[in-house]
Structures are given as C-alpha cells and as structure tokens.
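Reviewing the structure listed below.
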Amino acid sequence: MLLYSHATLEVAPAVAGMLNWHTHADEKTISQVIEKNLTDVFRQKTNDDCSLVLLTRQLLTASPTEFLPQKDASI
C-alpha cells in the first residue's frame with residue numbers, strides 16, 4: 001500500500017479522502033480514525049515504520065477590520 005509514489009511524485013487517491021475528513025469530523029474523532037487505520041490497515045500491509053502527517057488549511061471568514069488594532073475606549 002503506497003500513499004506516495006516517488007516515481008510519479010503523486011499521492012494516492014486515499015490521501016485526498018483523508019485530507020477531506022476534517023470537513024466531516026472533529027479533531028479527536030479524526031485522530032482516533034487515523035490511529036485505527038495505522039494499526040489495523042497500514043501496519044498489516046507494510047514492514048515500514050508507519051508515520052502519517054496530514055496538514056490542511058482552514059479558510060476563515062473574517063472582516064478585514066478584525067485584524068486592525070482596537071482603540072482603547074478607556075483613554
């Protein structure tokens with residue numbers, strides 16, 4: 001089971017699915033699912049050290065003024 005092909009420099013389709021998990025579940029649930037997959041699936045199919053890091057970017061909706069310094073009303 002390969003998640004990344006060094007020959008083609010591409011990730012497996014399963015990676016896209018894992019990266020999409022954050023839209024459907026909270027961090028604790030995702031951690032539990034990843035741990036279970038590493039233990040029950042990956043470790044059974046490889047002799048490699050099983051490590052997995054998933055990084056996603058969450059877009060925040062904010063008003064541009066939220067990042068400006070706030071005036072202190074007490075002055």
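Please treat every number below as a calculation from the coordinates, not as lab data. Computed from a predicted structure; not experimentally measured. Neighbour counts run over all protein chains shown; Cβ positions are idealised from the backbone, glycine included.
What is the order of His22, His6, fewest Cβ neighbours within 10 Å to most?
Result, fewest neighbours first: His6, His22.
I need the semi-axes of the equivalent ellipsoid of region 6-56: take the C-alpha gyration tensor, multiply each eigenvalue by 5, square-root it, list largest first in whole angstrom.
Each semi-axis is the square root of five times an eigenvalue, giving 20, 16, 8 Å.
Separation between the Ile34 and Leu19 pseudo-spin-labels, each 7 Å from Cα along Cα→Cβ, expressed in nm?
About 1.4 nm, to one decimal.
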